[in-house]
Structure formats: C-alpha cells, structure tokens
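The values are calculated or read from the model by the stated rules, or taken from the named source; none is laboratory data. Nothing here was measured: the structure is a model prediction, and the numbers come from that model. Ideal geometry is used to build each Cβ from the backbone, glycine not excepted, and the neighbour counts take in all protein chains shown. For the accessible areas, the whole protein counts, side chains as well, though only heavy atoms, and no ligand, DNA or RNA atoms are used. Shrake-Rupley method; radii C 1.70, N 1.55, O 1.52, S 1.80 Å.
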Amino acid sequence: MADKQDLIRFGIMGCAEIASKVSRAILLSPNATLVAVASRSIDKARQFADRNKLPENVRLYGSYGELLDDLSVDAVYMPLPTTLHLKWAVMAAQKGKHLLLEKPTALDVKVLDEMLDSFQRNGLQFMDGSMWYHHPRTAKMQELLSNSHLFGRVKAIHSSSSYHPPPHFLENDVRVKPELDALGALGDAGWYCIGAILWSMNQKLPTTVTALPNTIRNSAGVILTCSASMLWDEEETVATFFCSFLAHETMSLAVCASNGTLNVDDFIIPYEETAAGFSYTSGAMFVDLHIGWNVKPQHVRVETKLPQEAVMIQEFSGLVKGVKYLGARPDTRWAETSRCTQLVMDAVRNSIDDGYKAIKM
C-alpha cells in the first residue's frame with residue numbers, strides 16, 4: 001500500500017454513468033484516492049456521492065471550475081460529452097491537472113492536437129479512458145502476437161463493438177445528440193474497434209481507410225451503425241470493423257497471421273472481473289480428407305487482482321507520481337495511441353461524408 005501522502009488525488013468532472021465505475025476504480029487503486037467530484041449543480045454532485053456511497057471527506061462542487069481551482073487535486077477524470085472536451089481539457093492543463101479523458105477524445109484530430117499541446121507545454125500526463133489496454137490479458141495477447149514462430153506476420157484483422165439499447169437511449173442519450181456527441185456509434189463503439197486494430201498493428205497507421213456503405217444515421221444525422229476497411233500496403237494486411245447501436249452485444253477481436261490466429265470475444269469488458277480469456281491456434285492444418293484439424297485452439301486464462309479500470313487508474317497514477325515526485329517526463333505513448341485512433345476515426349468519417357471513397361493516410 002502506498003504511503004497516504006504519495007497517493008495521487010483525483011477529482012471527477014462530470015457525473016455520467018461511466019463515472020460510477022471509475023470512482024470505484026479510484027477507490028480500489030492502491031496508489032490513488034478520490035478527493036473531489038464536480039457536476040453542473042451541487043445537487044447532482046450530492047446525488048452522485050450518495051448513489052456511489054463515496055467517503056464523506058470527498059468534496060462536492062456545483063461547477064467544474066471550482067474543482068479545477070482545488071489545489072489538492074492532482075489529476076482529473078473527465079467523462080464529459082465530447083463537444084465539451086476541448087474547453088475543459090485545456091483549462092485543466094492550465095490549472096496544472098493531469099488528465100484521464102473519456103473516449104472519444106475529440107471531434108477531430110485538430111481539436112485533439114490543441115488539447116495535447118496544452119498538456120505537453122505544461123508537462124502533464126494525458127491518457128484516454130480505454131480500459132482494456134490495461135488488463136493483464138492484453139499484455140499476454142501482445143506477448144503471443146509478437147512471437148513470430150507462433151503467429152508470423154499479421155495479415156487480417158476484424159473487430160466488432162455493438163449493442164442494442166432500449167428505445168429511450170436512441171431518443172435521449174448524450175451519444176445520439178449532435179450538439180453533445182456528434183460521432184455517435186463511431187465515437188463510442190468504433191473507437192474500441194479502431195484502437196484494437198491499431199494495437200494489433202503496433203500503432204502503425206494504415207495506408208488507406210474506406211468506409212463501407214452500410215451507414216445508418218438517426219434523424220439528427222448522428223451515426224448509429226457503420227463499418228470500414230483499412231489497408232496496409234507494405235504489410236499486405238487488411239482490417240475491417242463493425243460498430244453499432246442497433247445490433248446485439250459484441251466486443252470481439254480476431255487477428256489472423258501467417259502462422260496463427262487469435263480470437264477474443266470480450267476484449268472491451270471481460271465476461272468476469274477477476275479473470276479474462278482468449279484462444280489462439282498456431283500451425284493449424286486439415287488432416288487427411290479434410291475431415292478435421294491437426295490441432296485445437298488453445299485457451300488462455302489471465303487472472304487479475306484488480307478490475308481493469310482500477311489497473312488503468314493504478315498505471316495512470318504511477319505515471320503522474322513519476323512526474324510529480326521524481327522529475328520524470330510524461331509518457332507520451334498514451335497520447336500517441338489516442339492520436340492514431342483519432343486519425344483513423346476521422347478518416348472513416350471523411351470517407352462516409354465523401355460517398356465512401358478511400359481516404360489516404
């Protein structure tokens with residue numbers, strides 16, 4: 001357990017549903033503590049604190065500015081609507097707060113770059129809230145995919161993130177309102193798909209991105225369903241993804257390489273909190289007469305003492321501690337990962353708006 005004085009002190013800006021999960025994660029993390037919560041009104045902040053049974057010493061604010069003026073807050077978790085990210089992220093940087101920003105990070109890469117520049121100038125840590133990167137299963141999958149004997153070179157990737165919420169979501173949720181989260185399913189679910197594909201390619205950007213003509217929008221023009229393909233010319237690798245607010249729950253990733261394949265069905269949110277699995281096959285061939293396979297998939301189970309969102313908080317807090325106490329520079333890898341995902345997401349959107357033409361990266 002970290003010394004109490006060394007705990008990174010978090011403030012939460014915004015009481016969205018996901019903030020409940022992250023507030024719990026902060027309280028579970030061994031090197032972080034929650035000291036403040038802000039909403040647009042003090043009543044909403046109190047309701048959030050009561051609903052999540054927060055400790056009595058957590059300070060509650062009725063405006064975001066009050067939280068940013070709190071000198072005891074080291075880092076901010078910000079689950080605000082995407083259209084509000086630029087204003088409040090830049091203000092957080094100006095106030096010297098490290099930032100864990102909920103995805104999607106921005107409406108486009110120009111806006112994201114403005115935010116990232118603010119954190120770089122102020123020597124502050126930035127990370128987006130994609131929790132699955134931090135699960136120990138992800139590191140294990142990366143270890144295996146990097147084994148050229150087992151997998152060889154990645155040749156094809158497919159990812160899917162979809163869910164079918166009740167009618168009130170499609171009518172009233174922030175994610176279907178253009179003035180709040182104009183990216184819709186592409187920003188909410190597609191962010192994960194694009195991130196998983198780029199993770200499989202070690203963050204190398206594709207040569208071209210082409211949206212597929214299956215886009216469905218609501219009456220306000222917000223994307224409810226879309227798909228896209230990506231091509232890496234040099235590697236001769238192709239990837240596709242599907243994201244939707246109109247289809248059954250999926251969180252899948254399939255990676256096909258020259259020597260093996262890897263499959264995971266729950267990469268965004270594991271089926272259970274204390275462990276997560278995946279399967280892989282290497283060196284598979286058909287047996288004589290094509291009546292079976294020579295090998296069966298191997299199933300790997302990776303246990304974790306903390307849920308993935310708490311591991312994310314722990315890793316982020318460790319980086320902040322390095323900057324605050326040890327004179328370390330912020331780890332720019334996380335900002336670069338967010339930026340790569342944002343660039344591809346922008347390309348998908350541009351391809352849709354341009355009649356599904358290929359966009360060169």
* Asked: Is it the case that some residue within region 255-274 is over 29 Å from S29 (Cβ atoms), open to solvent by less than 20 Å² (accessible area, probe 1.4 Å), free of Cβ contacts under 8 Å to residues at least 40 places away in the same chain and part of a strand (DSSP E or B)?
  -> no
* Structure fact -> Of the conditions (1) farther than 27 Å from F316 by Cα; (2) in a loop (DSSP other than H, G, I, E, B), the single one that Q203 does not satisfy is (1)
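If you take the residues of region 76-90 that are within 16 Å of the chain's Cα centre (by Cα) and in a strand (DSSP E or B), which of them is surrounded by the fewest Cβ atoms within 10 Å (Cβ to Cβ)?
Pass one, region 76-90, residues within 16 Å of the chain's Cα centre (by Cα): 77-82, 85.
Still in the list and also in a strand (DSSP E or B): 77-78.
Values: Y77: 27, M78: 23.
Here the residue is M78.
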* Asked: Out of all the residues in region 1-57, which are more than 28 Å from D188 (Cβ to Cβ) and part of a loop (DSSP other than H, G, I, E, B)?
  -> M1, A2, D3, L7, P30, N31, P55, E56, N57
* Which listed residue, of E236, E179, E249, is in contact (Cβ under 8 Å) with a residue 12 or more places away in the chain and within 25 Å of F151 (Cβ to Cβ) -> E236
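Has region 284-306 got at least one residue that is of a type in the set (A, V, I, L, M, F, W, C) and open to solvent by less than 10 Å² (accessible area, probe 1.4 Å)?
no
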* Structure fact -> Scanning region 1-36 residue by residue, those in contact with a Gly (Cβ under 8 Å, 6 or more places away or on another chain), open to solvent by less than 20 Å² (accessible area, probe 1.4 Å) and closer than 22 Å to D173 by Cα turn out to be V22
* Structure fact -> For region 8-34, pairs from a residue that is over 21 Å from A93 (Cβ atoms) to a residue that is of a type in the set (A, V, I, L, M) and modelled with pLDDT under 95, with Cβ under 6 Å and 6 or more apart or across chains, are P30/M1; P30/A2; N31/A2
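Can W191 be described as among the hydrophobic types (A, V, I, L, M, F, W, C), surrounded by 23 or more Cβ atoms within 10 Å (Cβ to Cβ), over 14 Å from R349 (Cβ atoms) and touching a residue at least 40 places away in the same chain (Cβ under 8 Å)?
Numbers: among the hydrophobic types (A, V, I, L, M, F, W, C): yes; surrounded by 23 or more Cβ atoms within 10 Å (Cβ to Cβ): yes; over 14 Å from R349 (Cβ atoms): no; touching a residue at least 40 places away in the same chain (Cβ under 8 Å): yes.
Answer is no for this residue.
Any residue at all in region 46-53 that's crowded, with 17+ Cβ neighbours inside 10 Å and over 24 Å from the mean Cα position of the chain (by Cα)? Step through it out loud before you land on a result.
Applying the first criterion (crowded, with 17+ Cβ neighbours inside 10 Å) to region 46-53 yields 48-49, 52.
Adding the requirement that they be over 24 Å from the mean Cα position of the chain (by Cα) leaves 49.
Scanning region 46-53 turns up at least one residue that is crowded, with 17+ Cβ neighbours inside 10 Å and over 24 Å from the mean Cα position of the chain (by Cα).
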